[in-house]
Amino acid sequence: MINPPPPDLFGTSEHELFRQTVRKFVQEEMLPRAREFDQKGRFDKALYRRMGDLGMLGLRYDPKWGGAGLDWSYTAVMFEELAQCDNAGVTMGISVQTDMATPSLHQFGSDELRSRYLVPAVQGEMVAAIAVTEPDAGSDVAGIKTRAVRDGDDWVINGSKIYITNASTADWLCLLAITDPEAGYGGYSQIVVPTDSPGFTYQLLDKIGNWGSDTGLLFFEDVRVPVANTIGEIGRGFQQQMMQFQDERLIACISANAASETLWEQTRKYCEDRMVFGKPLSKMQVTQFKFIEMLTQIVAAKELTYACVRKRMRGEDATKEISMAKLFTGRMCRMVADHCIQLHGGFGYMKESVAGRAFVDTRLISIGGGADEVMIHYLAKMLGF
């Protein structure tokens, strides 16, 4: 790394040992299959099971539910290393399992739900997905229309979700649905929905990037699940999902920063080897200026993200800082990818180029998990505008 991790966050021998464990896993079991996963449009469930065996899928969760009981610094270590797998889609699919679909279940779920769904997810025996976005409601979560109507001891669910990662591989969904249309923000609930439920179907979508993960459109037609599958209190789903979003956004920043730093290093090596007008491209002043501008943005994004990690480790609310980090990192990684594809020239426009893949993969950071415009809107409200 050009900008080494700060010792106050990752300075222990335990951190270094864990980093080496994840790095070995990435180098031996992910990197060699990076393009294979792209071609398949998904990665094998066996990868989850292997990560479960290594204790990677529940780092911050209570050991009672199979977790490691660690803090956010270990999560940051893991995703900095996973970002080196040369497949952003795979990293995204894993992050859905660890930090998008399961945090609410861990924090608010009943013991029965955690035993049936969280423990197998932490072990890698079950794959989870988060089902919030709809065709007419993305970052505007309050605009969702999927309904769960109570019928005795069951919810009967009708509606659809779109752009859902792990759509075809998920064994269960953390679904956000309206359970009381008259209750405003108190009318939403999070519900565990097994994907083998009658009435549930999906249709895969064709993305421009992040090819290593499956993304789809989900349909619910009179899907019946027990009311006992509600995560936490009925009517608290909106608030719980807002909390869960903070984990998602912070993971996106950690991964994107690490991937951008690696792309910077790879592009520098390419420019040192690439001869133009009789000298290496890296020796041209205009190229050097671009590298310094990129690295400054990368370091700034990393430091802002590490500040968020520190706050989470102290148990403090980091919503404002995470929103800023998400906004800044999304723009940073797009700028870095754009400069790097330009520096690679024609080769950068090829699918086999790391810069070309980064160009389409990083574009999602400013959209998924809350668009840039939504981060700005939230920040303006938090600051009293």
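What follows is calculated from the coordinates using simple rules that are stated; it is not laboratory data. Note that the coordinates shown come from a computational prediction; the quantities given were computed from them, not determined experimentally. Cβ coordinates were reconstructed from backbone atoms using ideal geometry, including for glycine residues, and neighbour counts include every protein chain displayed.
Listed values, structure above:
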{"read-out": "Gyration tensor verdict on region 123-181 (Cα atoms; rounded if a/c is under 1.5, prolate if a/b is larger than b/c, oblate otherwise)", "value": "oblate"}
{"read-out": "Distance between region 156-221 and region 125-154 - C-alpha centres, whole angstrom", "value": "6 Å"}
{"read-out": "Amide proton proximity set for V276, modelled H, under 5 Å, gap of 5+", "value": "L281"}
{"read-out": "Distant-in-sequence amide H partners of G109 (H built 1.01 Å from N, under 5 Å)", "value": "G232"}
{"read-out": "For region 17-116: rounded, prolate or oblate by the Cα gyration tensor [a/c cutoff 1.5]", "value": "prolate"}
{"read-out": "Across K45/K207; K283/K326; K161/K207; K207/K381; K269/K302, pairs whose alpha-carbon gap is larger than 24 Å", "value": "K283/K326; K207/K381"}
{"read-out": "For region 287-300, 3J(HN,Hα) per residue [Karplus equation, 6.51 cos²θ - 1.76 cosθ + 1.60, θ = phi - 60°, Hz, x = Gly/Pro]", "value": "5, 4, 4, 4, 5, 5, 4, 5, 5, 4, 5, 4, 5, 4"}
{"read-out": "Sorted peptide list for 217-227, 22-32, criterion being average Cβ within 10 angstrom, highest first", "value": "217-227, 22-32"}
{"read-out": "Spherically averaged projected area in nm², based on the convex hull that wraps the Cα atoms of region 216-314", "value": "11.0 nm²"}
{"read-out": "Cross-link reach list, aspartates and glutamates versus K145, counting only Cα pairs under 14 Å and skipping chain neighbours closer than eight places", "value": "E134, D136, D180, E182, E221"}
{"read-out": "Structure-based [θ]222 nm, the chain - -39500 (n - 2.57) summed over DSSP H runs of at least 4, per residue, nearest 500", "value": "-15000 deg cm²/dmol"}
{"read-out": "³J(HN,Hα), Karplus 6.51/-1.76/1.60, whole Hz, each residue of region 218-235, x for Gly, Pro", "value": "9, 10, 10, 10, 6, 6, 10, 9, x, 4, 4, 7, 5, 7, x, 7, 4, x"}
{"read-out": "Under Karplus coefficients 6.51, -1.76 and 1.60, residue-wise ³J(HN,Hα) of region 318-334 in Hz, glycine/proline x", "value": "10, 4, 5, 5, 5, 4, 5, 5, 4, 4, 5, 5, x, 6, 4, 5, 5"}
{"read-out": "Pairs of Cα atoms farther than 33 Å apart, the chain, %", "value": "30 percent"}
{"read-out": "Viscosity 0.890 mPa s, temperature 25 °C, Stokes-Einstein D of region 239-382 from Kirkwood C-alpha radius, µm²/s", "value": "153 µm²/s"}
{"read-out": "Once the Cα gyration tensor of region 128-235 is diagonalised, semi-axes √(5λ) in Å", "value": "23, 16, 11"}
{"read-out": "Listed peptides 110-123, 343-356 by packing density, highest first (mean Cβ within 10 Å)", "value": "110-123, 343-356"}
{"read-out": "Cα gyration tensor, region 1-73 - rounded (a/c under 1.5), prolate or oblate", "value": "oblate"}
{"read-out": "Distance between region 1-42 and region 271-322 - C-alpha centres, whole angstrom", "value": "19 Å"}
{"read-out": "Peptides ranked, highest mean first, by Cβ atoms within 10 Å: ranges 62-72, 255-265", "value": "255-265, 62-72"}
